[in-house]
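S.K.: Dropping the structure in here first, questions after.
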Amino acid sequence: MKKSLGYKILRHMMGYFRDIISRTSCLIKDISQTFKEHYLERKLNISTNELYFVKDKFGLYKIDQSYCPAPYYLLEKIINCLKLKPEDIFIDFGCGKGRVVFFVAQKKLRKVIGIELNKEFIDIANKNLATFKFDRTPIQFVHEDAAKFRIKDENIFFMFNPFGCKTIQCVINNIKNSLIDNPRQIRIVYLHPWCRSLLDDQDWLILEKSMFDGQCLIWYNKH
């Protein structure tokens, strides 16, 4: 009986210490990510951290909008995976204050474009552009509904769950139509893909990669 009781106590204590170690590990990871966020904001000399909730509805389909920037540690892994080239033109649909645009523009590309309908976000993005420390790549912010933006020769498209499925469907159609006039290899990156079925259903797209347990998907087009 004593042995059995001691064994139970020992198992309980081991579980308790495992829980402490797990919680400590998570805390250290959170602190590390917070430091990285702060470091990269300082390095780029921009301000994109603050969350923002918008009361008005925006866009062709009158969707609700809020601002929550993609974490830098995820962006770093995504951009490394893409292996961007100097001839690439990168678009961030629903760019908010410009975090993804500025992070990508550290590399040498032909151009990086941010599309944003919220005028307040565009104004902040342009203020960040004035203080941005790198000039390797031309940057442009466009105040326009993503559903109406005319796609020409851009080839890398990024979305961090920026709007509803109706707008995403328009964006997909616009990309597809642009390939008729200008055949080229394109890739679509979708972080937090709530409307992924719209892309899965496209017979001209092939899923290239799934990252972070399916929380980031990358497609490319058939030739």
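The values are calculated or read from the model by the stated rules, or taken from the named source; none is laboratory data. As the structure is a prediction and not an experimental result, all values here were calculated from the model. Cβ coordinates were reconstructed from backbone atoms using ideal geometry, including for glycine residues, and neighbour counts include every protein chain displayed.
S.K.: Would you point out which residue out of A146, A130, A125 is among the small types (G, A, S), buried (at least 21 other Cβ atoms within 10 Å of the Cβ), in a helix (DSSP H, G or I) and at negative phi?
M.R.: A125
S.K.: Is it true that F163 is within 16 Å of the chain's Cα centre (by Cα), aromatic (F, W, Y), crowded, with 18+ Cβ neighbours inside 10 Å and part of a loop (DSSP other than H, G, I, E, B)?
M.R.: Numbers: within 16 Å of the chain's Cα centre (by Cα): yes; aromatic (F, W, Y): yes; crowded, with 18+ Cβ neighbours inside 10 Å: yes; part of a loop (DSSP other than H, G, I, E, B): yes.
Against the criterion (within 16 Å of the chain's Cα centre (by Cα), aromatic (F, W, Y), crowded, with 18+ Cβ neighbours inside 10 Å and part of a loop (DSSP other than H, G, I, E, B)), F163 qualifies.
S.K.: Given the conditions (1) surrounded by 12 or more Cβ atoms within 10 Å (Cβ to Cβ); (2) at pLDDT 60 or above; (3) over 23 Å from D153 (Cβ atoms); (4) out of contact with any strand residue (DSSP E or B) (no Cβ under 6 Å at 6 or more places or on another chain), report the number of the one that S4 does not fulfil.
M.R.: (1)
S.K.: Select from the stretch 192-223 the residues that are surrounded by fewer than 12 Cβ atoms within 10 Å (Cβ to Cβ) and either modelled with pLDDT under 95 or outside any strand (DSSP E or B) (or both) and list them in ascending order. Talk me through it step by step, then tell me what you get.
M.R.: Initial filter on the stretch 192-223 (surrounded by fewer than 12 Cβ atoms within 10 Å (Cβ to Cβ)): 194, 197, 201, 203, 206, 213-214, 222-223.
Of everything in the stretch 192-223, those that are surrounded by fewer than 12 Cβ atoms within 10 Å (Cβ to Cβ) and either modelled with pLDDT under 95 or outside any strand (DSSP E or B) (or both) turn out to be W194, S197, D201, D203, D213, G214, K222, H223.
S.K.: Under the condition of being in contact (Cβ under 8 Å) with a residue 60 or more places away in the chain and either out of contact with any helix residue (DSSP H, G or I) (no Cβ under 8 Å at 6 or more places or on another chain) or assigned to a loop (DSSP other than H, G, I, E, B) (or both), which residue from the stretch 97-119 is nearest to L74 (Cα to Cα)?
M.R.: Ranking the candidates gives Q106 first.
S.K.: What residue, among those in the stretch 166-191 that are aliphatic (A, V, I, L, M) and in a helix (DSSP H, G or I), is surrounded by the fewest Cβ atoms within 10 Å (Cβ to Cβ)? Let's see the steps before the verdict.
M.R.: Taking the stretch 166-191 and keeping what is aliphatic (A, V, I, L, M), we get 168, 171-172, 175, 179-180, 186, 188-189, 191.
With the extra rule that they be in a helix (DSSP H, G or I), the set shrinks to 168, 171-172, 175, 179-180.
Details: I168: 25, V171: 25, I172: 20, I175: 20, L179: 17, I180: 7.
Top of the filtered list is I180.
S.K.: Next question. Would you point out the residue of the stretch 53-87, among those that are assigned to a strand (DSSP E or B) and hydroxyl-bearing (S, T, Y), that is modelled with the lowest pLDDT?
M.R.: Checked the stretch 53-87; the qualifying residue modelled with the lowest pLDDT is S66.
S.K.: Can C170 be described as farther than 16 Å from E208 by Cα, modelled with pLDDT under 95 and either among the small types (G, A, S) or over 14 Å from the mean Cα position of the chain (by Cα) (or both)?
M.R.: So C170 does not fit the description; no.
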